[in-house]
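No value in this document is a laboratory result; all are computed from the given coordinates. The structure presented is a predicted model; accordingly, all values stated were derived computationally and were not measured. FYI the Cβ positions are ideal-geometry reconstructions off the backbone, even for glycines, and counts take in every protein chain you see.
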Amino acid sequence: MKKTILSILSLLLLVVCAKAQNADVLKSDAISAESQEQYADAARLFEEAHAAYQAQDMLDTACVYRAGMNYAKLDQYDKAKPLLEEALALNYNYGRTARLLADTYYGLKDPVKAEKILLAGKEKLPEEAIEFDKKLAYLYFNTAQYAKAVESFKTVNEAVPGKKNYQYLYGFSLERTQKYDEAIAVFQAMQEQFPGDKRSKKMLGVTMFEKTDAANEAEVARYEAAKKANKANLESYVGTRERLEQINKGYESARVILEESLQEYPKDQLLIGSLYKLYKKQFKEDKAEQMKKRMN
């Protein structure tokens, strides 16, 4: 009887050891697959290892996170989400997990949830605030929330100065919110800091045109309003003409930059549209027609 009990206990011990060994083997195989960029295998193996550890009432939080991470790399966000949420609840590398979970929600077309996670993470981990600001800046930019993108990229540029892409997206966001003078200053600074940078040159031309066009339209509207109110006279007409002549010099400055940029970006619709409107303002109908033919 005693031998039978010992035999049963031995068998149970062997089963437990086998299960533990199996979980460890799965984890080891998952690490190997991940190192070879075999993300589908890695995700599956980490998830299987996680389940194997759970069967022994054990928890390996790294397996949970890395299963989710590898699914995210495959853009399989529906599979990544529950694993990353579990890792976040377990407080595993909270900052990194929160940012990856936010990316996952963005991939699932839920930017509101992504923003909520990033803002909560920034509040919870002030020492990692700049990393959350970077993610927020891209999130706002990619969802056309340009006013918020301006604020986030401003913070990022102040914390991490001299980074070309952050500066460019900051300037672009300023242009989108019609803060033309600030945007022009950013793109001009980029041209000095990064001579030959094509993107900032293109956007400098676009923004210079938009600033000029806005000023032109405002001046014309002001004069038309005066005419309707019977307040226009020869003096106001001459004043308007002089102001428009001064304003319209901006069209020529923008034209030079835009035409040079067109050689680098022959299909860029923002650039083509700007040149089309500029040529119309300069009464260059033939060139305007050429731009019209390039429009999608």
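Sequence neighbours fewer than 8 away in the same chain don't count; with that in mind, list the lysines whose C-alpha is under 18 Å from residue 287. Leaving aside lysines fewer than 8 places away in the same chain, those within reach of residue 287 are 267, 277.
Computed from the Cα positions only, the extents of segment 171-296 along the three principal axes stand at 50, 32, 21 Å, in decreasing order. Applying a threshold of 28 Å to the alpha-carbon distances of 122/154; 116/201; 124/202; 154/202 flags 116/201; 124/202 as lying beyond it. Helix 198-228 and the longest principal axis of the C-alpha atoms of the chain enclose an angle of approximately 50°.
What do you get when you divide the Cα radius of gyration of the chain by 2.2 N^0.38 Å, with N the number of residues? If you can, show how the numbers build up before the last one.
Numbers: Rg = 29.9 Å, N = 296, 2.2 N^0.38 = 19.1 Å.
My calculation over the Cα atoms of the chain gives 1.56.
For the chain, the longest principal axis of the alpha carbon atoms and the long axis of helix 180-193 meet at an angle near 70°. Net charge of the neighbourhood of residue 132, taken over other residues with C-beta under 10 Å away and scored Lys/Arg +1, Asp/Glu -1, is +1. Of the residues 120, 26, 195, the one whose Cα sits farthest towards the positive end of the charge dipole of the chain is 195 (charges of +1 on Lys and Arg Cβ, -1 on Asp and Glu Cβ, taken about the Cα centre). In the elastic network of the chain, a GNM with C-alpha springs shorter than 10 Å, the most mobile of 131, 85, 224 is 224. The C-alpha atoms of the chain define a longest principal axis, and helix 2-35 lies at about 20 degrees to it. Quick one: dipole size for the chain, taken about the Cα centre, charges +1 on Lys/Arg Cβ and -1 on Asp/Glu Cβ, in debye to the nearest 20. With Lys and Arg at +1 and Asp and Glu at -1, about 640 debye. Contact order, relative form, for the chain: 8 percent (alpha carbon pairs under 8 Å, 6 or more residues apart, mean separation divided by residue count). Loop-resident chymotrypsin sites (Phe, Trp or Tyr not before Pro) (DSSP state other than H, G, I, E or B) in segment 191-296 with no more than 13 further Cβ atoms inside 10 Å of their Cβ: 283. Rounded to the nearest 500, the 222 nm mean residue ellipticity of the chain from helices alone is -27500 deg cm²/dmol, with -39,500 (n - 2.57) taken per DSSP H run of at least 4 residues. Is the shape of segment 118-180 rounded, prolate or oblate, going by the alpha carbon gyration tensor and its root eigenvalues a ≥ b ≥ c, with a/c under 1.5 for rounded and a/b larger than b/c for prolate? It is oblate, given that a/c is not under 1.5 and a/b is not larger than b/c. Cross-link reach is defined here as a Cα-Cα straight distance under 16 Å, omitting same-chain residues fewer than 8 places apart; for residue 211 the aspartates and glutamates meeting it are 175, 181, 182, 219, 245, 252.
Positive-end ranking of 256, 157, 288 along the dipole of the chain, with charges on Cβ about the Cα centre, is headed by 288.
Look at the dipole of the chain built from charges on Cβ: of 147, 61, 270, the Cα furthest out on the positive end belongs to 270. In a simple Cβ point-charge model (Lys, Arg +1; Asp, Glu -1; nothing else charged), segment 192-296 has a dipole of about 320 debye relative to its Cα centre.
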